[in-house]
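Below: the structure, in structure tokens.
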Amino acid sequence: MKASEVVDIQDYEGVRKPTWCPGCGNYAILNAIKTALAELNIPPSRTVLVSGIGCGSRLPYFIRANGVHSLHGRPIAVAMGIKLVRNDLNVIVVAGDGDTYGIGTSHFIHVFRLNVGITLLIQNNGVFGLTRGQPSPTAPLGFKGNLYREFNPLLHALASGATFVARVWTGDFQKMKEIFKEAIKHSYIEKRGTSFVDIIQLCITYYPERNHEFFTKYFKDRVFYVDELSDYDITNYKLAIEYASMEFNDKIPMGIFYHSDKLYSLEEMIIGKKVPPGLQDISNIDVSRLLMSLT
Amino acid sequence: MEKFQGFTWVVGGEAGFGINVSAEILSKSLVRHGYYVFSNIEYESLIRGGHSYYRVRFSDQPINSHVDYIDILLALDDKTLIGDGGEHTYGHLNELIDGSILIYDEEYSKVSYNVIEEVSGRNIEVLSLPMTRIVKESTAKDQGRMVMRNMAGLGATAWILNLDLEIVKNVIRERFGGKKADVIRRNIDILVKGYNYASKHYKSLKIISNHPRNRDSSSRDKYLANGNTMAVIGSVKAGVKFWCQYPMAPATGMLTYIERIKDEHDIIVIQPESELAVINMALGASYAGARTGIATSGGGFALMTEAISFASMAEIPIVIFEVSRSGPSTGMPTRTEQGDLLQILYAGQSNSIKAIILPGDPLELYYDAQIAYNIADKYQIPVIVHYDKHLAESYYTFTIPENLNIPIDRGLTQSLPSKEPLYKRYAITENGISPRPIVGKYDLVYLTTSLEHDEYGLFTEDSKMRVMMENKRIQKMNTLKNEISRNSHIYHPIKTFGKGEFTIVSWGSTKGVIIDAVKYLNQKLGREVFKFIQVRWASPFPDKELRELLRDAACSIILEANSSGQMEALIRKEICVEFNYRFRKYDGRPFSLNEVVNYLREVLKHEGIGSS
């Protein structure tokens, strides 16, 4: 595919039909990703979707792009490896809350410290669906007898040095897609490092209600977008912390909480304009100086 | 105690006394005088204090092992002499033998004179060297200057060994190359003072009159390196572009070394937050087209296990250097053992296919590293290069054969049809290997997956497809096994040394000491009694070759540095062979030449064969 060609959403049409429950929030996420990539005119062959384990992590099978279905908790690490040797590729992690906020939390912290230019689209539905409905780290206290308080992904990202932090929900397709585009621009096009979008989504089977209200209605009634507030400044770190700290009560903040373009990504600093290490010619490497130093 | 060819010099002291610096400078200086050197260090898992010692054995003939006695002992503290009741050491005076030389700092030492008198009484020369005073009287006034006492000791050693001081000075200049000129000048100044003191007061102690080479030459043909260094240089030669490592002894030396040379060779080196991140990041980089290497020890490898299985299933190449330490769990971090073989062999659920190479010395590691990247790329499997601390950190002297080259074979598919919407990443082929294009280089897309899958990489739970894919992966290992058998001159699945009817089998770092023992005993016995078989591949296992070799063995002996006989178990599983004798060592220290020679003598005695 030549760069001048126009990418159509059909180019991203996968060969296999999704295996998700009817009414699953993943359908909206899949559509938003396809639409965002087509609108950004990024060809499928330049895109790598890296996923973990769970219903949502099957997404790479249902879209036509390069896909790596990795291990539970490890997609961020795999994606970092890809990007660090191939800064020419658009690398996106699609993984769940169990992957990212549970078993793989260490990578979720360190990806921001390293600031590798990958986009994290994290499906956050509060439950482990594929294992039949156990609470995830983001399940609220009391959910199915859950004894623990919920994990705040945005605060963790901000505390770890994230340069793009957003939250969307599957009930607002347009906003979700627009924010996906902003996130991909930050990491891939503008080369500013890691972008992170926490996606609040419905698990129709195991988490259809929140606080005795249908999930979608619960959020529809409460969601507001911080970046649409007249006095909000997405470059203000303290403000981001303040809004990210808000618990899910009468008002639930969403949108881009924080965006800083002061840094370049790690791979830009290491590789820059050089041939990406993954594409370099290695047929004739001379180690004679190293060997001479042993004599 | 039985004496072998060459001399052994030992420096002992606390961590932070410059033990490594002095021993490594001496080793290199000896190589430049034409000697073969074998040096190995014993140290504790701490930064300051304790007791470390470094043995430097040298000879005009090739040597690959250490001995249990000391010809020259440089004691930088009293613990080196009399120990501390065993908390860190029992001291090394017992290792001195008739004719040995002890260098110590009488003015600094608090050891009672009776002890020294006892030593002198055993016909051991005592060279009293005021190392502390030499340093104090030098121009160095800073607090850290006492570390340079090692240079005074090295100077006295240079006198005893009749070394060309210019050679030693040059090695010091190279060693401290990155440091300030003043550091080099002060170290050399103290070296010379130590040398002059010994020449003035111990003129007759010069024990060597002639060297294989009496002056340095620009056409140096001998290399001095440890295993970790050669693993890295082999990796660089193979075109490694991404190196990822979390520090863990005894693999850490690789990270330190590659950090130093990465810019010169355009290699990305990342130290992530854990071994979990290391291997998964590495798999990402390798998938994306970069030759990728990682290194760890047993504990870190345990964390990597799930991802090794992932690499097997998803068919992602990866090269892993697993450098074992002693004991289960955290064990003894800085000591040696060959205790990880079975962990590596069985790493991963179900049939997680992988290749395992077991190099026996630094030169083998240099080639095996290169072979590992080729095999990983071509067969799209994890390749584990496994060795222990003894090989990782001991210095060997070797030459590099000019005609031996391992050409790079990436096994990558260059141009492909892109008719289908999804590329058949796991196409079933006769040899099991599916063509693998570099991702994002062509106008095609493909799936890579940890789930069981069909030829497109689409997940499946179909029973027929499951069997076809399992067979395809098994077929890759069969193809690899055939390639190894057909090209044994490159892969050396098994190496044989000598041709006696007493057959010793072993693997990894024990190679050096066994070769030295076999050579020594065969010579003493006046005929070829012992033969050594080195098993160099654990997976695929060279069953046919080994069965053939063991068939005619009148007596078979297996020697390994672990308590359970891991290679012995593997051989029994693969070819149903029982050994007549087994010698296992698991005290965290490598086999010495004395130990192996004594053991083999016992075997001969037991078999009713007279020994000399």
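Of all residues in the stretch B:271-300, count the ones that are at the interface with chain A (Cβ under 7 Å from one of its Cβ atoms) and either under 21 Å from A:Asp281 (Cα atoms) or surrounded by fewer than 22 Cβ atoms within 10 Å (Cβ to Cβ) (or both).
Result for the stretch B:271-300: 11.
If you scan the stretch B:176-189, which residues turn out to be part of a loop (DSSP other than H, G, I, E, B) and open to solvent by less than 80 Å² (accessible area, probe 1.4 Å)? Talk me through it step by step, then tell me what you get.
The first filter runs over the stretch B:176-189 and keeps only residues part of a loop (DSSP other than H, G, I, E, B), leaving B:176-180.
Selection gives B:Phe176, B:Gly177.
Considering each residue of the stretch B:210-247, count those that are within 14 Å of another protein chain (Cβ to nearest Cβ) and either without any contact (Cβ under 8 Å) to a residue 12 or more places away in the chain or surrounded by fewer than 13 Cβ atoms within 10 Å (Cβ to Cβ) (or both), and give that number. Let's see the steps before the verdict.
Our first condition is that a residue be within 14 Å of another protein chain (Cβ to nearest Cβ); within the stretch B:210-247, this holds for B:213, B:216-246.
Adding the requirement that they be either without any contact (Cβ under 8 Å) to a residue 12 or more places away in the chain or surrounded by fewer than 13 Cβ atoms within 10 Å (Cβ to Cβ) (or both) leaves B:217-219, B:221.
Within the stretch B:210-247, residues that are within 14 Å of another protein chain (Cβ to nearest Cβ) and either without any contact (Cβ under 8 Å) to a residue 12 or more places away in the chain or surrounded by fewer than 13 Cβ atoms within 10 Å (Cβ to Cβ) (or both) number 4.
Out of the stretch A:51-103, which residues are within 14 Å of the chain's Cα centre (by Cα), within 7 Å of another protein chain (Cβ to nearest Cβ) and open to solvent by less than 10 Å² (accessible area, probe 1.4 Å)?
Within the stretch A:51-103, A:Pro60, A:Ala77, A:Val78, A:Ala79, A:Met80 qualify.
If I filter the stretch A:34-45 down to residues being more than 10 Å from chain B (Cβ to nearest Cβ) and either part of a loop (DSSP other than H, G, I, E, B) or touching a Leu at 6+ places or on another chain (Cβ under 6 Å) (or both), which single residue comes out as least open to solvent (accessible area, probe 1.4 Å)? I'd like the intermediate steps shown before the answer.
Step one: list which residues in the stretch A:34-45 are more than 10 Å from chain B (Cβ to nearest Cβ), which gives A:34-42.
Next cut, either part of a loop (DSSP other than H, G, I, E, B) or touching a Leu at 6+ places or on another chain (Cβ under 6 Å) (or both) only: A:40-42.
Values: A:Leu40: 32, A:Asn41: 55, A:Ile42: 6 Å².
For the stretch A:34-45, the residue satisfying everything is A:Ile42.
Residue check, A:Val197 against (1) among the aliphatic types (A, V, I, L, M); (2) crowded, with 16+ Cβ neighbours inside 10 Å; (3) more than 21 Å from the chain's Cα centre (by Cα); (4) not in a loop (DSSP other than H, G, I, E, B), all met but one. Which one?
That leaves (3) as the condition not met.
So, in the stretch A:121-179, exactly how many residues are outside any helix (DSSP H, G or I), in contact (Cβ under 8 Å) with a residue 12 or more places away in the chain and among the basic types (Lys, Arg)?
Counting residues in the stretch A:121-179 that are outside any helix (DSSP H, G or I), in contact (Cβ under 8 Å) with a residue 12 or more places away in the chain and among the basic types (Lys, Arg) gives 2.
Please go through the stretch B:305-326 and give me each residue that is crowded, with 24+ Cβ neighbours inside 10 Å and polar (S, T, N, Q), ordered by number.
B:Ser312, B:Ser324
Kindly establish whether A:Val48 is touching a residue at least 40 places away in the same chain (Cβ under 8 Å), within 12 Å of chain B (Cβ to nearest Cβ), touching a Leu at 6+ places or on another chain (Cβ under 8 Å) and not in a helix (DSSP H, G or I).
Numbers: touching a residue at least 40 places away in the same chain (Cβ under 8 Å): yes; within 12 Å of chain B (Cβ to nearest Cβ): yes; touching a Leu at 6+ places or on another chain (Cβ under 8 Å): yes; not in a helix (DSSP H, G or I): yes.
Spelling it out, A:Val48 is indeed touching a residue at least 40 places away in the same chain (Cβ under 8 Å), within 12 Å of chain B (Cβ to nearest Cβ), touching a Leu at 6+ places or on another chain (Cβ under 8 Å) and not in a helix (DSSP H, G or I).
For A:Val226, work out the one condition from (1) surrounded by 22 or more Cβ atoms within 10 Å (Cβ to Cβ); (2) among the aliphatic types (A, V, I, L, M); (3) within 17 Å of the chain's Cα centre (by Cα) it doesn't fulfil.
(3)
How many residues are open to solvent by 30 Å² or more (accessible area, probe 1.4 Å), polar (S, T, N, Q) and assigned to a loop (DSSP other than H, G, I, E, B) when one looks only at the stretch B:114-153?
Result for the stretch B:114-153: 2.
When you check A:His212 against the structure, is it away from chain B (no Cβ under 14 Å) and at positive phi, yes or no?
Numbers: away from chain B (no Cβ under 14 Å): yes; at positive phi: yes.
It is true that A:His212 is away from chain B (no Cβ under 14 Å) and at positive phi.
Tell me which of these A:Ile29 doesn't satisfy, since it passes every other one: (1) buried (at least 20 other Cβ atoms within 10 Å of the Cβ); (2) of a type outside the set (S, T, N, Q); (3) under 22 Å from A:Tyr188 (Cα atoms); (4) at the interface with chain B (Cβ under 8 Å from one of its Cβ atoms).
(4)
Name the residues in the stretch B:430-480 that are of a type in the set (Val, Ile, Thr) and closer than 26 Å to A:Ile82 by Cβ, would you? Let's see the steps before the verdict.
Our first condition is that a residue be of a type in the set (Val, Ile, Thr); within the stretch B:430-480, this holds for B:433, B:438-439, B:445, B:448-449, B:460, B:467, B:474, B:479.
Once the filter is applied, which keeps residues that are of a type in the set (Val, Ile, Thr) and closer than 26 Å to A:Ile82 by Cβ, the stretch B:430-480 yields B:Ile433, B:Ile438, B:Val439, B:Val445, B:Thr448, B:Thr449, B:Thr460.
State yes or no: is B:Arg572 open to solvent by 30 Å² or more (accessible area, probe 1.4 Å) and in a strand (DSSP E or B)?
On the way: open to solvent by 30 Å² or more (accessible area, probe 1.4 Å): yes; in a strand (DSSP E or B): no.
No, not satisfied.
Report, by residue number, each residue of the stretch A:251-295 that is of a type in the set (A, V, I, L, M, F, W, C), more than 9 Å from chain B (Cβ to nearest Cβ) and crowded, with 21+ Cβ neighbours inside 10 Å.
Answer for the stretch A:251-295, where residues must be of a type in the set (A, V, I, L, M, F, W, C), more than 9 Å from chain B (Cβ to nearest Cβ) and crowded, with 21+ Cβ neighbours inside 10 Å: A:Met254, A:Ile256, A:Phe257.
If you take the residues of the stretch B:190-209 that are modelled with pLDDT of 95 or more and touching a strand residue (DSSP E or B) at 6+ places or on another chain (Cβ under 7 Å), which of them is surrounded by the most Cβ atoms within 10 Å (Cβ to Cβ)?
Here the answer is B:Ala198.
Take B:Thr330 and tell me if it is in a loop (DSSP other than H, G, I, E, B), over 27 Å from B:Pro437 (Cβ atoms), free of Cβ contacts under 8 Å to residues at least 60 places away in the same chain and open to solvent by 30 Å² or more (accessible area, probe 1.4 Å).
Working: in a loop (DSSP other than H, G, I, E, B): yes; over 27 Å from B:Pro437 (Cβ atoms): yes; free of Cβ contacts under 8 Å to residues at least 60 places away in the same chain: yes; open to solvent by 30 Å² or more (accessible area, probe 1.4 Å): yes.
Spelling it out, B:Thr330 is indeed in a loop (DSSP other than H, G, I, E, B), over 27 Å from B:Pro437 (Cβ atoms), free of Cβ contacts under 8 Å to residues at least 60 places away in the same chain and open to solvent by 30 Å² or more (accessible area, probe 1.4 Å).
Just to be sure, is B:Arg149 charged (D, E, K, R), modelled with pLDDT of 90 or more and out of contact with any strand residue (DSSP E or B) (no Cβ under 8 Å at 6 or more places or on another chain)?
The answer is yes for B:Arg149.
The values are calculated or read from the model by the stated rules, or taken from the named source; none is laboratory data. Given the structure is predicted, the values throughout are model-derived calculations rather than measurements. Heads up, the Cβs are rebuilt from the backbone with ideal geometry, glycines too, and the neighbour counts pull from every protein chain shown. Heads up: the accessible areas ignore ligands, DNA and RNA and are worked out on the full protein's heavy atoms, side chains in. Shrake-Rupley method; radii C 1.70, N 1.55, O 1.52, S 1.80 Å.
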